[in-house]
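Notes follow once the structure below has been shown.
Bear in mind these aren't lab numbers, they're just calculated from the coordinates by the rules spelled out. Predicted model only: the values in this text are computed from it and were never measured. FYI the Cβ positions are ideal-geometry reconstructions off the backbone, even for glycines, and counts take in every protein chain you see.
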Amino acid sequence: MSAPDFLDTNILVYGYDVTDPHKQRTAQNLIRKALAGEIVTSIQVLAEFSVTLLHKLAPPVRPKELCALLDVLAPIKLAVTDAETVRRAAEARAAYGIHFYDGMIVAAAERAGCKRIWSEDFNTKQKYFGIEVANPFQ
């Protein structure tokens, strides 16, 4: 089996957000692949997705609606994170100058054996510990 891809938070948010139909369609296609087991994500991504929907969208999503969305996303494989992942995130911060929580994304993707991170927030085509970033909206 080939290496999986990793899904960043913004892809999940765009999958829900109706304000940009092109980004929504693109994100939903990636989410379908994640639900089929081709793409992984992490607990951190699900937490960031939840915070965004509950507190940053206007109007915010109700907790009951968020729980229903999380139930839909439940089949997505999650990268296992632990204390070593946190340490590796600090190393990503030192090596690449990225925010610690972005380092957690990189470390989780590395832990899961991913070859690519789908994200709008990282530098497209840059490699972090050998994992390339791709922006699906470009």
*Using alpha-carbon pairs under 8 Å, 6+ residues apart, how would you state the relative contact order of the chain in percent?*
28 percent
_If amide hydrogens are placed 1.01 Å from N in the peptide plane, which non-local residues have theirs closer than 5 Å to the one on Ser42?_
Ala79
*What Kirkwood radius, in Å to one decimal, follows from the Cα pairs of the stretch 93-138?*
10.5 Å
*Per-residue HN-Hα couplings for the stretch 44-50, Karplus 6.51 cos²θ - 1.76 cosθ + 1.60 at θ = phi - 60°, whole Hz, x for Gly and Pro?*
4, 4, 5, 5, 5, 4, 4
_Charges on Cβ only, +1 for Lys and Arg, -1 for Asp and Glu, centred on the Cα centroid of the chain; of Phe129, Leu54, Met104, which one is farthest towards the dipole's positive end?_
Phe129
*With +1 on each Lys and Arg Cβ and -1 on each Asp and Glu Cβ, and nothing else charged, work out how big the dipole of the chain is about its Cα centre, in Debye to the nearest 20.*
140 debye
*Among Asp20, Asp102, Asp8, Asp121, rank each residue by its count of other Cβ atoms within 10 Å, from fewest to most, as a rough exposure measure.*
Asp20, Asp121, Asp102, Asp8
*Take the chain, connect every pair of alpha-carbon atoms lying under 10 Å apart with a spring to form a Gaussian network, then pick out the residue of Leu57, Leu78, Leu46 with the largest mean-square fluctuation.*
Leu57
*asked:* Of the candidates Leu69, Leu53, Leu30, which one comes out as most mobile in a Gaussian network treatment of the chain with C-alpha springs shorter than 10 Å?
replied: Leu69
*If you take the C-alpha gyration tensor of the chain, multiply each eigenvalue by 5 and take the square root, what semi-axes do you get, largest first, in whole Å?*
24, 16, 15
*Cα-Cα over 28 Å: which of Lys64/Lys115; Lys33/Lys125; Lys33/Lys64; Lys77/Lys125?*
Lys64/Lys115
*Let me have the 222 nm mean residue ellipticity of the chain computed from DSSP H runs of 4+ only, each contributing -39500 (n - 2.57), with the sum over all residues rounded to the nearest 500.*
-15500 deg cm²/dmol
